[in-house]
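Structure first, then comments.
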Amino acid sequence: VDVFQAWCGPCKPVVNLFQKIRNQVGSNLLHFAVAEVDSIDALEKYRGQCEPVFLFYTGGELVAVVRGADAPLLQKTILKQL
């Protein structure tokens, strides 16, 4: 989940990375979503940050968090979780 604030918007370069990885591993294994923190109370702790935050869930449980648009770290985290 790409967690963002309305004034900043979702991290568009990372969307391309996720699409590339999804094409490599298959669409059934990787799902990508965006969530605006200002409209979701459960994400309140991420408000006021100027960097994107990526939350990784498996089976409904938070398993990893990556702060910032660090493409190599995001790719490593995705492949590790898969």
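The numbers here are math on the coordinates, done by the rules we state, and not lab data. What you are looking at is a predicted structure, and each value in this text was computed from that prediction instead of being measured. Note that we place each Cβ from the backbone using ideal geometry, even for glycine, and neighbour counts take in every protein chain shown.
If the condition is being part of a helix (DSSP H, G or I), surrounded by 16 or more Cβ atoms within 10 Å (Cβ to Cβ) and of a type outside the set (Lys, Arg), then the range 1-46 contributes 14, 17, 18, 21, 37, 43, 46. Which count do you get for residues in the range 47-60 that are assigned to a strand (DSSP E or B) and within 15 Å of residue 82 (Cβ to Cβ)? The total comes to 4.
Every residue, every condition in (1) of a type in the set (D, E, K, R); (2) free of Cβ contacts under 8 Å to residues at least 40 places away in the same chain, yes or no:
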| residue | (1), (2) |
| --- | --- |
| 19 | no, yes |
| 49 | no, no |
| 70 | yes, yes |
| 74 | no, no |
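Restricting the range 61-82 to residues that are in contact with a strand residue (DSSP E or B) (Cβ under 9 Å, 6 or more places away or on another chain) and in a strand (DSSP E or B) leaves a set whose member that is nearest to residue 8 (Cα to Cα) is 67. For the range 47-82, taking the residues that are of a type in the set (A, V, I, L, M) and under 19 Å from residue 6 (Cβ atoms), the one that is surrounded by the most Cβ atoms within 10 Å (Cβ to Cβ) is identified as 53.
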